[in-house]
Amino acid sequence: MKIICPFHNDHKPSCGVNVAKQIYNCFACDAGGNALDFVAHMEGLDPSNTSELRKAAFAAAEMFGITQALERTSNGRGKAKSKTARSAKPVKAKAKKAEKSKPSESSAKDKPAGPSNKPLTFELKLDHKHGFIAARGFKKKLVKAFGIGFANKGMMKDRICFSINNAEGQLIAYSGRWANDFPPKDVPRYLLPKGFEKSKVLYNLNRVLEKGSDCLVIVEGFWSVLRLHSAGIPCVSTFGDSVTEAQAELLVKHGIKSVILIFDGDEGGRVGTASSLPILAKHLFVKTVALEDGVKPDTMSEDILATLPRF
């Protein structure tokens, strides 16, 4: 089959893809190779470079939730080999009927779940100077420090990406926002990778902890965090208009004692504030700031900012 080539400004399908053989070739720009080469090209990596091809393999594994180990073959390419397959022992052909019918003590339902939101093994190549970012008015140094930039390739193509770190500062995911306020029909404004558990993370908590604050502000969005952080205010985002039990426990675990909840001035923000208050109040001292309709923490007045705690 033929598709619009993602590697050049293609208006007429010119890239041939053979799904059965897992190969592709563009007849216009000469891009081509196997499935791993395709991932490398999409992520802006050089498939002829062994190190970068390996990064592409790990990127593919992260994107599609593949729990496999990568072993390097003699030609330097990553070869996937199941850990289970390597460690499995031959099963005896003549097993006792009683043993067959007996439930396994290590059945899948009894096994502990694997670690969630594992650190990534790759980083996206991002444009930190994109116009949509510049229009927000934040300093370039701050934008780069937060790992924010425009992606022109890969699963986050045409989105402003926000690097997400865990409380220890390890990169665990990227969230992508469509690079204007009017995404195409059926295209979500924000995108998170499959399997990412946002309910267990607070955006920017790692930087708050680095500063040593035990009081912080909780907001909904990324831009609100940037505005408050740039003003010297300890601030985290919940990735939405609600606080989960896991997020509240995460704050307690890291020594936070009091919070100020400032959700957006809309119906979602008001409902989220009402549902989040009892969750937070079980663990922390909580105050709220109610914003007027249409106002968000990244657009609220300087008078409100002046009342908030500083690092």
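Values in this text are rule-based calculations from the coordinates and carry no lab data. Computed from a prediction, not measured in an experiment: that's the story for all the values here. When we count neighbours, we look across all protein chains shown, and the Cβ atoms used for this are built from the backbone with ideal geometry, even at glycine.
Using every pair of separate Cα atoms, the Kirkwood estimate puts the hydrodynamic radius of the stretch 122-213 at 14.0 angstrom. Taking amide hydrogens as placed 1.01 Å from N in the peptide plane, the amide H of Leu261 sits under 5 Å from those of Ile218, Lys287, Thr288, Val289, each at least 5 positions away in sequence or on another chain.
Once backbone amide H atoms are built at 1.01 Å from N, His130 has Phe150 as its partners under 5 Å, excluding neighbours fewer than 5 places away on the same chain. Applied to the stretch 220-225, the Karplus parametrisation 6.51 cos²θ - 1.76 cosθ + 1.60 on θ = phi - 60° returns per-residue 3J(HN,Hα) values of 8, x, 5, 5, 5, 4 Hz, with x for Gly and Pro.
Taking 4 °C and 1.567 mPa s as conditions, the stretch 209-311 diffuses translationally at an estimated 96 µm²/s according to Stokes-Einstein applied to its Kirkwood radius (Cα pairs).
When the pairs Lys153/Lys198; Lys125/Lys194; Lys139/Lys296; Lys21/Lys125 are compared against a 27 Å limit on Cα-Cα distance, Lys21/Lys125 fall above it.
The value of relative contact order for the stretch 176-277, using C-alpha pairs under 8 Å at least six residues apart, is 27 percent.
With charges set only on the Cβ (+1 for Lys and Arg, -1 for Asp and Glu), what does the dipole of the stretch 228-311 come to about its Cα centre, in debye to the nearest 20?
Numbers: 7 positive and 11 negative charges, 111 e Å.
Around 540 debye, computed over the stretch 228-311.
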